[in-house]
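Worksheet: the structure to be examined is printed underneath.
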Amino acid sequence: MRPILSHRLPWQAGTVAETTDDGKNADHPGRAEAVARMRAAGVNEPAVRAFVRHHEALVSGATGLVREADVEPASPQVLLDDLPDDPDAGRAALDATAVAVLNGGLGTSMGLSVPKSLLPVHDGLTFLDVTVRQVLALREATGARLPLLLLDSFATRDATLARLAAYPDLAVDGLPLDVLQSREPKLRADDLSPVDHPGDPRLEWCPPGHGDLYPTLAASGVLDALLEQGYRQLFVSNVDNLGAVPDARLAAWFAAEGAGYAAEVCPRTEMDRKGGHLVRRRADGRLLLRDTAQTAEEELVHFTDGDRHPWAHTNNLWLDLIRLRELLERHGGSLPLPLIRNPKTVDPTDPTSTPVVQVESAMGGAVELFDDAVAVGVGRDRFVPVKGTDELLLLRSDAYAVGPGTGYRLVAQADPLPVVTLDRRHYRFVHDLDARFPAGAPSLREAAGLEVEGDWTFGADVVVRGRVRLADEGGARRVPDGTVLEGSSAEGAP
């Protein structure tokens, strides 16, 4: 076993503030001002270093785009179904595994102003409830310690910790329940200086993307604490992917393989057209993560081609903690992750407000920093993302079973699962969805698909069978209580 690094690391020594990066800051007034604002706000130095690196790239004209001509499709090197099931090895590996869950989002794209993780998703349970109960059930089944660590933002922390008070057995001695991600200034699109928005100064700031996980683990001391307590690997996932339960076979394989990094990928469906995927760089054969924001508009036709790129990136990651610490030490506490340039307006609800650029990075971008990174093919049961109300309605329905009898894992009750498509004019936001399904989701376990066009409100005990389409009839319509919608005959009024 490789030794744990025990000497004082650069970001712990109080010297990072006086690095050569500051000399580079002087080359761009906007960068110097942004750094000054970050330090005044108490942002940790590794996060400042990451911001400086990306700002320099922006000033030099970098776009962060990954061109189709420079990459080729990547297939998994390992399949979960081929891994041996050794219960003893699995238990030992899980006991050396910590779980980190990204929990920084408010779900603004779905009209939420509260943490997305507190949205009810099944039988009154929230994303956070299900995630916590999955971990607690796995602890009970295996005896593993499995600490759960949430990466919170300023917008989600207080409400999240209040909810966690209902789970007094969740905390593991010596480790926090969460760490607080950093923040950075939004940059004016015209000159890349920090934007001013006196009407609501909070909107002058943005999260740096979930690539901030790495400098946050370093600067908070949590990475050191995990290693000191004998944890050797980290499983990371998104809070809105309830299929992301630590798997004993994967944990045992990763521990034995000795790789520094593994990413789970799964077969793409038509609901994953805009999701990220792994590609292999032609120049050196390294795996890369490519997301929508890293794709030129004219190349989206290739990006969304499920035949050319048939594997979706789940954002379920496995990291060797010793290797991660060595890599962080080499780079001063922050990893040189690929730039994601995200154009917005300073007030996301006001398209006439000042155009800005948000500088972001993805934690999955670290794949290219490990020369032994591995893509692992897994089933769709490990990737159940909820990015919109379409997926939320499916998750709330009887197409899934979630509860103590399943260890709070999501168990599909239909194969294949139906595809739900809701009219964005009437169902885009959660409050719109709730208003049109006041009695809850219809039964979808016998459905092949549900497409709703127009403004339909569903009564109680509605059952969908086969592939159903409700057409737009030009006004508000209602599906009565107890209606059975069957196949194409459901077009128009039932």
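All of the numbers you see were taken from the coordinates with simple rules; none came from a lab. What you see is a predicted model, and the numbers here were worked out from it, not measured in a lab. With ideal geometry, Cβ positions are generated from the backbone for all residues, glycine too; neighbour counts draw on all protein chains shown.
By how many degrees, between 0 and 90 and to the nearest 10, does the Cα long axis of helix 248-257 differ from the longest principal axis of the chain?
Helix 248-257 sits roughly 30 degrees off the main axis of the chain.
Given region 192-344 reduced to its alpha-carbon atoms as identical point scatterers, what log10 I(q)/I(0) does the Debye formula return at q = 0.21 Å⁻¹?
-1.47
Skipping prolines and chain starts, which residues have an amide H placed within reach, meaning under 5 Å, of the one on residue 456, given they are 5 or more residues away or on another chain?
HN-HN under 5 Å from residue 456: 477.
Taking R0 as 25 Å, what's the FRET efficiency between residue 486 and residue 460 from their Cβ-Cβ distance, rounded to 0.05?
Values: r = 18 Å, r/R0 = 0.73.
Once rounded, the FRET efficiency stands at 0.85.
Counting only the backbone N, which residues of region 322-352 are under 15 Å from the spot 7 Å out from the Cα of residue 70 toward its beta-carbon?
Only 337-341 pass the distance filter.
With a sphere of radius 14 Å drawn around the Cβ of residue 296, what net charge do the other residues whose Cβ falls strictly inside it have (Lys, Arg +1; Asp, Glu -1)?
Details: positive: 67, 290, 341; negative: 68, 70, 291, 297, 298, 299.
Spelling it out: positives minus negatives among the neighbours equals -3.
What's the FRET efficiency of residue 296 with residue 41 using the Cβ-Cβ distance as r and R₀ = 30 Å, to the nearest 0.05? The partial results should precede the final answer.
On the way: r = 34 Å, r/R0 = 1.14.
Here the calculated transfer efficiency is 0.30.
Read phi for every residue in region 412-428 and hand back ³J(HN,Hα) as whole Hz from Karplus 6.51 cos²θ - 1.76 cosθ + 1.60, θ = phi - 60°, with x for Gly and Pro.
5, 9, 9, 9, x, 5, x, 9, 9, 10, 10, 4, 5, 5, 10, 10, 5
Expressed as an acute angle from 0 to 90° and rounded to the nearest 10, what is the orientation of the C-alpha long axis of helix 29-40 relative to the principal long axis of the chain?
The two axes meet at around 80 degrees.
Work out the FRET efficiency for residue 229 and residue 190 from their Cβ-Cβ distance, taking R0 = 45 Å, and round it to the nearest 0.05.
E between residue 229 and residue 190, to the nearest 0.05, is 0.40.
With angles folded into 0 to 90 degrees, how steeply does helix 321-330 sit against the dominant principal axis of the chain? Use alpha carbons for both and round to 10.
For 321-330 against the chain, the angle is about 50 degrees.
For region 432-446, what does the Karplus curve 6.51 cos²θ - 1.76 cosθ + 1.60, with θ = phi - 60°, yield as ³J(HN,Hα) per residue in whole Hz, taken in order and with x for Gly and Pro?
5, 4, 4, 5, 9, 10, x, 9, x, 5, x, 6, 10, 5, 9
From the backbone phi of region 463-478, what are the Karplus-calculated ³J(HN,Hα) couplings (6.51 cos²θ - 1.76 cosθ + 1.60, θ = phi - 60°) in whole Hz, Gly and Pro given as x?
Ordered by residue, 3J(HN,Hα) equals 10, 10, 10, x, 9, 10, 10, 9, 7, 6, 9, x, x, 5, 10, 10 Hz.
Under a no-solvent Debye model with one identical scatterer per Cα of the chain, what's log10 I(q)/I(0) at q = 0.06, 0.07, 0.08, 0.11 Å⁻¹?
Log-scaled intensity ratios, in q order: -0.28, -0.39, -0.51, -0.99.
Average the reciprocal distances over every distinct pair of alpha-carbons in region 421-460, invert the result, and give the Kirkwood radius in Å. All intermediate terms of the calculation are to be shown ahead of the outcome.
Values: mean 1/r = 0.0940 Å⁻¹.
Answer for region 421-460: a Kirkwood hydrodynamic radius of 10.6 Å.
By how many nm would the segment from residue 424 to residue 167 lengthen if fully extended, with 0.36 nm per residue of separation less the alpha-carbon distance?
Values: separation 257, 0.36 × 257 = 92.52 nm, distance 3.64 nm.
In short, 88.9 nm is gained.
Gain in length, residue 159 to residue 446, computed as 0.36 nm per residue apart minus the alpha-carbon separation, to one decimal in nm? Don't skip to the answer; put the middle values down first.
Values: separation 287, 0.36 × 287 = 103.32 nm, distance 3.71 nm.
Length gained, residue 159 through residue 446: 99.6 nm.
Under the rule of at least 5 residues apart or a separate chain, name every residue whose amide H is placed under 5 Å from the amide H of residue 238.
Placed amide hydrogens put 102 under 5 Å from residue 238.
Grab the Cα-Cα distance for residue 123 and residue 257, subtract it from 0.36 nm times how many residues apart they are, and report the gain in nm with one decimal. The partial results should precede the final answer.
On the way: separation 134, 0.36 × 134 = 48.24 nm, distance 3.92 nm.
Residue separation times 0.36 nm, minus the Cα-Cα distance, leaves 44.3 nm.
Give 186/344; 116/186; 116/387 a once-over and call out the pairs whose C-alpha atoms are over 20 Å from each other.
Numbers: 186/344 9 Å; 116/186 22 Å; 116/387 10 Å.
Over 20 Å apart, Cα to Cα: 116/186.
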